[in-house]
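Since the structure comes first, as structure tokens, the remarks are kept for the end.
The values are calculated or read from the model by the stated rules, or taken from the named source; none is laboratory data. Keep in mind that what you see is a predicted model, and the values were worked out from it rather than measured. We place every Cβ from the backbone using ideal geometry, glycine too, and count neighbours over all the protein chains shown. Accessible surface is based on the protein model in full, side chains and every heavy atom, while ligands, DNA and RNA are left aside. Shrake-Rupley method; radii C 1.70, N 1.55, O 1.52, S 1.80 Å.
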Amino acid sequence: MQAATLSDVNNGIQAPAQPVLAARHFTILLSATRRGARLARLLTERQLVEWEAESEPALQVVAELAANAVFHGRVPGRDFRLTLRLDEVGVLRMEVTDARGDRHPRIKDPVGDGEESGRGLLLVEAYAEGWGVADGPGPGCKTVWAEVRPDRGRT
């Protein structure tokens, strides 16, 4: 019997059926202004292009979460934080942290309540595989998160 060579062993190893992704992370502080909200969407778009994980739903979700941070979570003189995480299986988690931990977002009834606010979260719910709110990371803060699975190579 002949001993196996390293070449024989390597030839016997099969490549995984799906490419394995490396986890990616991006975070930035932005001013709690309309300009900061627009910048959050733009930076998300550029980051997803760099990661080859373009996703129109992700851009819509970030736009809504950033707008909510500016209009409902703003404390004068305090910024909001945008965090993007793309995990090894291709799930993108978007987090927006603002300084109003006392004001948690909720979806309002689209019919009959007469209010305009709260309806943007219907978009988040429609585009995201899941979303929620967590207290923190610091006192008086909250983080609103959503997860989507970007269509690799398509927008």
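Okay, here's what the table says:
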quantity: Solvent-accessible area per residue for region 23-99 (1.4 angstrom probe, square angstrom); calculated: 48
quantity: Whole-percent carbon and sulfur share, accessible surface of region 21-100, 1.4 Å; calculated: 50
quantity: Where Asp87, Asp102 fall by accessible area, highest first, once all protein chains stay in place (1.4 Å); calculated: Asp102, Asp87
quantity: Protection-proxy order for peptides 93-101, 58-66, each taking the mean of Cβ atoms within 10 Å per residue, highest first; calculated: 58-66, 93-101
quantity: Most to least packed among 68-75, 127-134 [average Cβ atoms within 10 Å]; calculated: 68-75, 127-134
